[in-house]
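Following: one structure in structure tokens, then a few remarks.
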Amino acid sequence: MRISLRGISKRFGNIKALDCVSLDVADRELFFLLGPSGCGKTTLLRIVAGFTRPDAGEVWFGDRCLNGVPPHKRNTGMVFQNYALWPHMTVAENVAYGLEVRGLKRDERDRLVNEALQAVRLESVADRRPSELSGGQQQRVALARALVIRPDVLLLDEPLSNLDARLRLELREEIRRIHDQTHITTLYVTHDQKESLSMADRIAVMRSGVVEQVGDPRAVYSRPATRFVADFIGECNWLPGTINVNAEGSCFVITDSGQFEVHDADGFNDRQSVWVGFRPEAVHFGVSQVNQFRAKVAQTTYLGEVEQYVLELPGGITIKALDANPVEIRARNTEWPVYVSPRNVFLFPRSD
């Protein structure tokens with residue numbers, strides 16, 4: 001089922017929760033709404049579900065406008081952050097609840113409940129109460145309850161936020177597997193960058209009620225459209241500089257730490273003030289013909305699979321760097337050559 005959101009706006013008193021948001025979610029897509037608390041992502045999800053009415057704009061499922069259609073007539077399945085399971089019912093009874101409301105016969109209910117529990121790998125606990133399950137199991141019950149009604153659209157509101165790190169990783173893989181198996185169009189709200197990067201087909205990054213960027217995870221991470229997106233999706237180093245275009249047409253950025261060659265400077269002018277951005281993992285120890293600097297190790301943090309560095313560049317500016325599968329020990333206050341590939345550098349305008 002295709003979802004189209006057209007010019008959605010919503011206010012709560014003086015607070016503008018959504019400001020003319022337009023998005024298209026493709027049929028069968030696992031689409032993420034990502035952003036910090038208060039950015040409007042949950043409000044947008046609730047508008048899609050029908051729990052909240054927009055002040056302006058339209059919600060479409062395929063060729064059907066849903067403005068004014070109540071939640072129970074939209075055929076959506078919703079998974080909440082707090083599971084919302086009935087404690088006095090068994091797992092099977094919780095999953096069957098939506099089917100009972102729809103008036104399905106007992107044999108049909110039992111068949112669909114069993115299929116849903118098989119999809120989330122919980123058929124062995126069908127007769128248990130929610131209190132007898134782990135947090136991860138309870139969340140899978142909530143997912144089975146949403147799936148059992150065969151929804152056109154599945155809505156997930158930060159479903160993993162109450163779980164510990166290991167369970168979150170396990171449930172990420174489960175949700176992705178279930179989506180690939182069912183092909184249900186899914187709208188997933190989260191503030192967790194790793195969740196969205198590892199699971200999404202596409203991501204909409206939101207800030208203060210507007211969409212800053214829409215794209216697949218690799219594009220959003222490697223080519224952020226705004227400085228906010230760059231900072232929110234992972235970490236980023238920033239150096240102030242000035243564009244310099246030489247006689248051959250090559251583009252460089254002059255900074256206090258040295259000269260950066262850049263490959264993608266479309267839309268920028270000679271002598272324009274800019275921010276030079278690059279990820280910590282884009283900083284490499286070693287020798288290169290371009291974008292090489294001497295850096296002094298100011299701080300190290302060993303994490304096993306990676307070592308994190310704070311490096312001081314010429315000019316006194318510090319940056320972060322990562323060394324994957326670290327072997328060489330680089331002590332504090334030692335100097336090392338480092339470089340950043342021009343393809344890993346991005347630019348944003350800077351107001352002096």
Q) Could we say that residue 211 is in contact (Cβ under 8 Å) with a residue 60 or more places away in the chain, within 11 Å of the chain's Cα centre (by Cα), closer than 21 Å to residue 157 by Cβ and in a strand (DSSP E or B) here? A) no
**Q.** The listed residue being loosely packed, with under 13 Cβ neighbours inside 10 Å, closer than 24 Å to residue 337 by Cα and assigned by TED's automatic domain parsing to the domain that holds residue 340, out of 308, 289
**A.** 289
Q) Is it the case that segment 49-65 has a residue that's of a type outside the set (Asp, Glu), in contact with a Phe, Trp or Tyr (Cβ under 8 Å, 6 or more places away or on another chain) and part of a loop (DSSP other than H, G, I, E, B)? A) no
Q. Does residue 53 count as modelled with pLDDT under 90 and charged (D, E, K, R)?
A. no
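Per-residue answers, yes or no, for (1) within 22 Å of residue 71 (Cβ to Cβ); (2) part of a helix (DSSP H, G or I):
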| site | (1), (2) |
| --- | --- |
| 156 | yes, no |
| 161 | no, no |
| 169 | no, yes |
| 172 | no, yes |
| 178 | no, yes |
| 186 | yes, no |
| 194 | no, yes |
| 198 | no, yes |
Q | Number of the exception - residue 51 against (1) touching a Pro at 6+ places or on another chain (Cβ under 8 Å); (2) closer than 17 Å to residue 1 by Cα | A | (2)
Q: Output the number of the condition that residue 107 fails; it satisfies all remaining conditions of (1) outside any loop (DSSP other than H, G, I, E, B); (2) touching a residue at least 24 places away in the same chain (Cβ under 8 Å); (3) surrounded by fewer than 17 Cβ atoms within 10 Å (Cβ to Cβ).
A: (2)
Q.
Within segment 120-131, does at least one residue satisfy the condition of being without any contact (Cβ under 8 Å) to a residue 24 or more places away in the chain and either assigned by TED's automatic domain parsing to the domain that holds residue 149 or under 30 Å from residue 209 (Cα atoms) (or both)?
A. yes
(Q) Quick check on my filter: what residues within segment 1-42 are buried (at least 19 other Cβ atoms within 10 Å of the Cβ), out of contact with any helix residue (DSSP H, G or I) (no Cβ under 9 Å at 6 or more places or on another chain) and either of a type in the set (Gly, Ala, Ser) or free of Cβ contacts under 8 Å to residues at least 40 places away in the same chain (or both)? (A) 40
Q: Identify the single condition in (1) among the β-branched types (Val, Ile, Thr); (2) in contact (Cβ under 8 Å) with a residue 40 or more places away in the chain; (3) crowded, with 18+ Cβ neighbours inside 10 Å that residue 113 does not satisfy, given that it satisfies every other one.
A: (2)
Q) Wholly within segment 261-352, which strands (runs of 3 or more DSSP E) include no fewer than the required count, namely at least 2 residues that are under 24 Å from residue 250 (Cα atoms) and in contact (Cβ under 8 Å) with a residue 40 or more places away in the chain? A) 273-278, 283-285, 292-302, 335-340, 346-349
**Q.** Filtered residues of segment 67-84 (kept if under 26 Å from the mean Cα position of the chain (by Cα) and among the aliphatic types (A, V, I, L, M))
**A.** 78, 79, 84
Q: Answer yes or no as to whether residue 160 is at pLDDT 90 or above and within 16 Å of residue 188 (Cβ to Cβ).
A: no
Q | Single unsatisfied condition, residue 219 versus (1) in a helix (DSSP H, G or I); (2) surrounded by 18 or more Cβ atoms within 10 Å (Cβ to Cβ); (3) aliphatic (A, V, I, L, M) | A | (2)
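For (1) farther than 30 Å from residue 2 by Cα; (2) hydroxyl-bearing (Ser, Thr, Tyr), each residue gets a yes or a no:
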| site | (1), (2) |
| --- | --- |
| 114 | no, no |
| 119 | no, no |
| 126 | yes, no |
| 131 | yes, yes |
| 139 | no, no |
| 144 | no, no |
| 150 | no, no |
| 174 | no, no |
Q: Confirm whether residue 154 is crowded, with 19+ Cβ neighbours inside 10 Å, touching a Ser or Thr at 6+ places or on another chain (Cβ under 6 Å) and under 30 Å from residue 61 (Cα atoms).
A: yes
Q) Between residues in segment 52-67 that are touching a residue at least 60 places away in the same chain (Cβ under 8 Å) and residues that are surrounded by 13 or more Cβ atoms within 10 Å (Cβ to Cβ), which pairs lie under 6 Å by C-beta distance while being six or more apart or on different chains? A) 61/1; 62/1; 62/2
**Q.** Qualifying position, being touching an Asp or Glu at 6+ places or on another chain (Cβ under 7 Å) and under 26 Å from residue 41 (Cβ atoms), among 153, 210
**A.** 210
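The values are calculated or read from the model by the stated rules, or taken from the named source; none is laboratory data. Keep in mind that this is a model prediction, so the values were computed, not measured. So basically every Cβ, Gly included, is an ideal-geometry build from the backbone, and we count neighbours across all protein chains shown.
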